[in-house]
Amino acid sequence: MSSLLNKTFFLIIFLSSQFIKSYEFNIRQVGDTFDDPWSLAFIDEDKFLLSEMPGNLKVISLDTGELIYSVKGVPQVLYDGQGGLSDVVLDPKFSENKKIYFSYSAEDTEEGQLVDDLFSPSNTLFVASASLVGDTLKDLEIIFKAKAYRTAPAHYGGKIAFLSDGTLIITSGDGYNNKEDAQFLDNHFGKIIRINPDGSVPSDNPFVDQDNALPEIYSYGHRNMQGLVISNDVIYENEHGPKGGDEFNIVEPGKNYGWPAICYCVDYSGAQITPFTEMEGMEQPLTYWRPSIAPSGMMLYSGKKFKEWKDSFFISALSGKILSRLTLNNGKVEEEILLKDFNERLRNVYETPSGNILLLTDGPGGKIFELSP
Amino acid sequence: MRILRFFIYLFCATAFASLLSAPISSFFSLYWIDTYVDSVSVADIVFTLLSDIFNYGPTLFLIYLIGFLPTFIIGTPLLSYFKIRSVIIFGLLGLCSVMVSIFLVQEVIIGTKVISGSRTSFGLALHYLTGFFAGLYFAGTYKNKLSANFIFSSVVVILLFIVAPKMLNIFSQ
């Protein structure tokens, strides 16, 4: 009898600890709903720029969630499938120059136009810079147009981050139907790109002197990279696999990350993409997910509010509907799954200036949630 | 009973087309790897073929069914009414079914080329051809009575498709 009581007692303790673990945040919804929110960037302690895929750039108050103003002068985007206005980041000297950088997909009728598709126009990934003057974008300049023309509006990548030397790292996805091109250096499908803020190519890029290679390429063999963090000039990225094979990588210049020659995955249809999971000359991920969680945004947490989570990577997941917390210990990745019961497709994750965690949910009617201890 | 028999043979014809189509994907993915990346061994070929038949085959079955069901439900009685008994016509019906299925799924429903191996004109033509052979198969079988042997073989094949993917998954890990 006493043994049974003991077991029951420990079961209650176990269940209650699980309960507490699932609800260790205070969750506050910021504002009402947004139209396919994709990314955000804080312009001061309270205000952030929010990009919405249909092509809206808005300044929102974190405190009230209210729209302060909509930014004018955003270029026409192709809002279709996975395409639209994507990442928005501030120049490291934003307080002085008010410059922002943003990525988007748009139709392009110039070089490489595709005509074999009846329903979709030829389009590709663009990155532009502009100055935010008042509520208007001025001096808009396209600094990168991916040589990755596709008709299917899919797999753009589109993340942007800065290295300490001021160069930009951009992720350019494989376009879904063009996955094999990720292995060739004459295009921007499935590549990580490094350019100067004015769009020129840094002279120390790895393929700058190689014939038949585009000089903007920094690394290759990627799929659809939607999480990008740079810390101490180490580039971390996560990318979607198809059915299995989502990856978390450290990106190094000139390296081949294997897609689609190696993969811990099969295609969405169940078809084998490759029988190989490793190959000489191709990098292994730090970790991979099988089954897929569809990793989207990623941030490295400062530890301001959640002290024990300092230097943890947070990855939001779309189909997985979870928040994954990763820690790196001597090259080994440990994962904790958070928000298991949240049941929202998470598009992106950020840290607020005060150290809270901000989540964007996916789709029309997407929401923003602030998590605090 | 005739209607039941009709549907059983229609499903068999669809399964036949899927079975023929799955290796097309294996061929294209392995050909690309062998040509541009690294040589593939016989074991790689066998594994890929089996994996595609058992894991990808059921997806193809569902996709092809979109075309086969309406085409043969409408086409078969019409052909009987007009007393057209040419098996070639059934083959062409099968071919058109696959064309419509792939078009609907890839261009209208999903918007990307989800059917591996169909991203080239040659690959597409091979898929259409499997539809043609499935039509011939249907023309040759749908008037036959169901035998115990046929039912037994069908059950074995269905069981195989349930068990084999799990076995392959264990093997690949």
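Semi-axes of the equivalent ellipsoid of the range B:38-92 are 37, 14, 7 Å, computed as sqrt(5λ) over the eigenvalues of the C-alpha gyration tensor in descending order. Interface burial in the range A:264-278 reaches 30 Å² or more for A:S269, A:G270, A:A271, A:Q272, A:P275, A:F276, comparing the full protein assembly with the chain by itself; accessible area from heavy atoms with a 1.4 Å probe. Per residue of peptide B:101-112, the mean number of Cβ atoms on other chains within 10 Å of the residue Cβ is 3.
For the range B:1-103, applying the loop criterion from DSSP together with a ceiling of 14 other beta carbons within 10 Å to the chymotrypsin sites (Phe, Trp or Tyr not before Pro) yields B:F82. Which of the lysines could a cross-linker bridge to A:K99, judged by Cα under 18 Å and excluding same-chain residues fewer than eight apart? Within reach: A:K47, A:K58, A:K72, A:K138, A:K159. Rolling a 1.4 angstrom probe over the range B:80-173 with all protein chains present gives an accessible area of which 74% lies on carbon and sulfur atoms. For chain A, the 222 nm mean residue ellipticity estimated from helices alone, with every DSSP H stretch of n ≥ 4 adding -39500 (n - 2.57) and the total spread over all residues, rounds to -2000 deg cm²/dmol. Which value, in Å², gives the accessible area per residue of the range A:189-249 when a 1.4 Å probe is used on the protein heavy atoms? With all protein chains present, the range A:189-249 gives 32 Å² per residue. Around the amide H of A:G175, modelled in the peptide plane, lie the amide H atoms of A:G190, all under 5 Å away and 5 or more residues distant in sequence or on another chain.
Counted over all Cα-Cα pairs of chain A, pairs farther apart than 37 Å make up 19 percent.
Within the straight-line cut-off of under 18 Å between alpha carbons, the lysines reachable from A:K255 are A:K179, A:K191, sequence neighbours fewer than 8 places apart in one chain being disregarded.
Considering every Cα-Cα pair within the range B:63-128, what fraction, in whole percent, is farther apart than 19 Å?
Value for the range B:63-128: 36 percent of Cα pairs lie more than 19 Å apart.
Using helices alone, what [θ] at 222 nm do you get for chain B, with -39,500 (n - 2.57) per DSSP H run of 4 or more residues, divided over all residues and rounded to the nearest 500?
Numbers: 6 runs with 129 residues, N = 173.
So the calculated ellipticity at 222 nm is -26000 deg cm²/dmol.
Taking the C-alpha atoms only, the angle from helix B:2-32 to the longest principal axis of chain B is near 20 degrees. Rg over Rh for the range B:3-75 works out to 1.15, using Cα positions for both radii and the Kirkwood form for Rh.
With a 1.4 angstrom probe, the accessible area lost at the B-A interface totals about 2100 Å². Rounded to the nearest angstrom and listed largest first, the equivalent-ellipsoid semi-axes of the range A:153-213 from its Cα gyration tensor are 21, 16, 7.
Compared with its chain on its own, the range A:168-188 contains the following residues whose accessible area drops by 30 Å² or more in the full protein assembly (probe 1.4 Å; ligands, DNA and RNA excluded): A:Y176, A:N177, A:E180, A:F184. Residue by residue along B:24-31, Cβ atoms of other protein chains within 10 Å of the local Cβ number 3 on average. Longest stretch of chain A clear of exposed loop sites (GluC sites (Glu not before Pro), DSSP loop, at most 13 other Cβ atoms within 10 Å, sites excluded): A:112-277.
The ellipsoid equivalent to the alpha-carbon distribution of the range A:134-185 has semi-axes of 26, 16, 9 angstrom, derived from the gyration tensor eigenvalues as √(5λ) and listed largest first. Using only the alpha-carbon atoms, how far is helix A:2-22 inclined from the longest principal axis of chain A? Give it as 0 to 90 degrees, nearest 10. Roughly 30 degrees, rounded to the nearest 10. Dividing the C-alpha radius of gyration of the range B:37-173 by 2.2 N^0.38 Å, with N its residue count, gives 1.23.
A DSSP coil position with no more than 14 other Cβ atoms inside 10 Å describes the following trypsin sites (Lys or Arg not before Pro) in the range B:53-135: B:K83, B:R85.
Here the range A:105-239 is treated as a Stokes sphere of Kirkwood radius computed over C-alpha pairs; at 37 °C and 0.692 mPa s its diffusion coefficient rounds to 214 µm²/s.
The values are calculated or read from the model by the stated rules, or taken from the named source; none is laboratory data. Please read all numbers here as calculations on a predicted model, not as lab measurements. Here Cβ is always computed from backbone atoms with ideal geometry, including for glycine, and neighbour counts include all displayed protein chains. We work out accessible area using only protein heavy atoms, side chains counted, and drop any ligands, DNA or RNA first. Shrake-Rupley method; radii C 1.70, N 1.55, O 1.52, S 1.80 Å.
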